[in-house]
Amino acid sequence: LAIKTNGTLWSWGYNTEGQLGFSDIIGRSSPVQVGTLAAWAKIGAAEYTSFAIKIDGTLWAWGYNTKGALGLGDTIKRSSPVQVGTLASWVKIVGGKNHLLGLHC
């Protein structure tokens, strides 16, 4: 995952769980823009999971969702970014093997 200076989100690599965010499970060998938004501020990744904070402070996650690791209240994997809850005050996120931790103010 990478964010360009213009706020666009890019990803590439292995994608068996949809962790690249392209609504599919096809791997990419070079950077491809995720969606068309230019609103991303921070990114992170864990094992088969990706997550990001938009400039408006909302938290988004996608990829493998074992044991509910994406924080969406279920265990369904997502292959494109999905907003986590309704809070717009997230400032930091980190991920582990099957979990995410976030800080909001």
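Counting other Cβ atoms within 10 Å, which trypsin sites (Lys or Arg not before Pro) in segment 1-89 have at most 15 and lie in a DSSP loop?
Details: sites: LYS4, ARG28, LYS42, LYS54, LYS67, LYS77, ARG78; in loops: LYS4, LYS77.
Loop-located and lightly packed - LYS4.
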- Taking amide H positions as placed in the peptide plane 1.01 Å from N, state which residues far from SER79 in sequence (5 or more) or on other chains have amide H under 5 Å from it. GLY63
- Query: Short version: ³J(HN,Hα) in whole Hz for each residue of segment 4-11, in order, from phi by Karplus 6.51 cos²θ - 1.76 cosθ + 1.60 (θ = phi - 60°), x for Gly and Pro, what are they?
  - Reply: 7, 4, 8, x, 7, 9, 10, 8
- With a sphere of radius 10 Å drawn around the Cβ of TRP90, what net charge do the other residues whose Cβ falls strictly inside it have (Lys, Arg +1; Asp, Glu -1)? +2
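What number comes out for accessible area per residue over the chain if the probe is 1.4 Å? Units Å², please.
Numbers: 5650 Å² over 105 residues.
Result: 54 Å² of accessible area for each residue.
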- Note on the structure: Any residue on another chain or 5+ positions along whose placed amide H is under 5 Å from the amide H of LYS42 is listed here as ILE53
- Under the definition of Cα pairs under 8 Å and six or more residues apart, what whole-number percent is the relative contact order of the chain? 23 percent
- Query: Under a 5 Å amide H to amide H cut-off, with H placed in plane at 1.01 Å, what residues pair with VAL91 once short-range neighbours are removed?
  - Reply: LEU103, HIS104, CYS105
- Round to a whole angstrom and tell me the spacing of the C-alpha centers of segment 65-105 and segment 31-47. 14 Å
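Of the accessible area of the chain, with the probe set at 1.4 angstrom, what percent is carbon plus sulfur? Spell out each step's value before the answer.
Details: 3300 of 5650 Å².
Carbon-and-sulfur percentage of accessible area, whole number: 58.
Going through segment 1-34, which chymotrypsin sites (Phe, Trp or Tyr not before Pro) have at most 15 other Cβ atoms within 10 Å and a DSSP loop state?
On the way: sites: TRP10, TRP12, TYR14, PHE22; in loops: TYR14, PHE22.
Of the chymotrypsin sites (Phe, Trp or Tyr not before Pro), the ones in loops of segment 1-34 whose Cβ has at most 15 other Cβ atoms within 10 Å are TYR14.
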- Query: Under 18 Å from the Cα of LYS42, which lysines turn up, not counting those fewer than eight places away in the same chain?
  - Reply: LYS4, LYS54, LYS92
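Classify the chain as rounded, prolate or oblate from the Cα gyration tensor: take a ≥ b ≥ c as the square roots of its eigenvalues, call it rounded if a/c is under 1.5, otherwise prolate when a/b beats b/c and oblate if not.
Oblate, since a/c reaches 1.5 and b/c is not below a/b.
The values are calculated or read from the model by the stated rules, or taken from the named source; none is laboratory data. None of the values given here were measured: they were computed from a predicted structure. We place every Cβ from the backbone using ideal geometry, glycine too, and count neighbours over all the protein chains shown. Only protein heavy atoms, including side chains, enter the accessible area calculation; ligands, DNA and RNA are left aside. Shrake-Rupley method; radii C 1.70, N 1.55, O 1.52, S 1.80 Å.
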